[in-house]
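Step one of this worksheet: look at the structure below.
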Amino acid sequence: MKSWLSIFLPDDEYKQERVVYFLAEGGVLLLLYFGGALLINELLLSQDFAGQLVMLIGLGLYAVYTTLRYSLSGIEFADVVELNQFKKQRWKLFIQSIGFFVIFLMMSLLSHFDNWLPTLVLALVASMLLFILNYTSLKRSYTKNKELID
Amino acid sequence: MMHNNVKVARIEQSLTQEQLAKAVKVTRQTIGLIEKGKYNPSLQLCMAIAIKLDKTLDQLFWEVDK
């Protein structure tokens, strides 16, 4: 498989598979550590803003990188081949995004009711980004699947 | 790219990619990638495909100079 990670991996395929797992496990442990450290810093320690920012960037980098790689690889919607399946899935994603918008808005308004306009804009932007990301993934999967059909 | 005879054998058995995928518990995309030689399946998956298509591993995956 083509990946920039290949330069760090052994040539032997068994060792390669094991090392990929070790690296992925290490990544998840790092993620848990950052999450835990962020929580402890927030609840028990000095609430040092710079430290929190460094940890948030670490968490964000991991989350954004893995999500983008997954979405852009075209493997998420592996069974969408026909145009009607594509349209049906696109509609589902649209409904999901609306659901996300409503839940996000309600949860946010529970804690910031006095500041409703920025909350509304944030919910709108977040749900639009979610839809764009999912739609890109769907489009990539559909294109890839069409190339592989019978 | 690895050449194989999965597509020919599948058509001989009158199976669609989707039906084969379901039978061996993978996605249709994976079957498509194997047929195009873009993904090397594990020995376990090769065996499952061979059993379903009633072929030997040789018949499906052995490359013979033509």
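Read-outs: derived from the displayed coordinates by stated rules, not from any lab. Everything numeric in this text was worked out from a predicted model, so none of it was measured. Every residue, glycine as well, gets a Cβ built from its backbone with ideal geometry; the counts of neighbours run over all protein chains shown.
Observations on the model:
- Among the residues making up region B:1-25, none is on the phi > 0 side of the Ramachandran plot and at the interface with another protein chain (Cβ under 10 Å from one of its Cβ atoms).
- Filtering region A:50-97 to residues that are surrounded by 16 or more Cβ atoms within 10 Å (Cβ to Cβ), free of Cβ contacts under 8 Å to residues at least 40 places away in the same chain and assigned to a loop (DSSP other than H, G, I, E, B) leaves nothing.
- Those residues of region A:19-33 which are under 19 Å from the mean Cα position of the chain (by Cα) and β-branched (Val, Ile, Thr), in sequence order: A:28
- The condition (being farther than 30 Å from residue B:30 by Cα, surrounded by 12 or more Cβ atoms within 10 Å (Cβ to Cβ) and within 21 Å of the chain's Cα centre (by Cα)) is satisfied by just one residue among A:108, A:141: A:108.
- Selection within region A:111-124 - surrounded by 13 or more Cβ atoms within 10 Å (Cβ to Cβ) and among the polar types (S, T, N, Q): A:119
- Evaluation of residue A:138 against (1) free of Cβ contacts under 8 Å to residues at least 40 places away in the same chain; (2) among the aliphatic types (A, V, I, L, M); (3) within 14 Å of another protein chain (Cβ to nearest Cβ) (one fails), failing number: (1)
- Qualifying residue in region B:32-39 (condition: within 14 Å of chain A (Cβ to nearest Cβ), in a helix (DSSP H, G or I), within 22 Å of residue A:13 (Cα to Cα) and free of Cβ contacts under 8 Å to residues at least 12 places away in the same chain): yes
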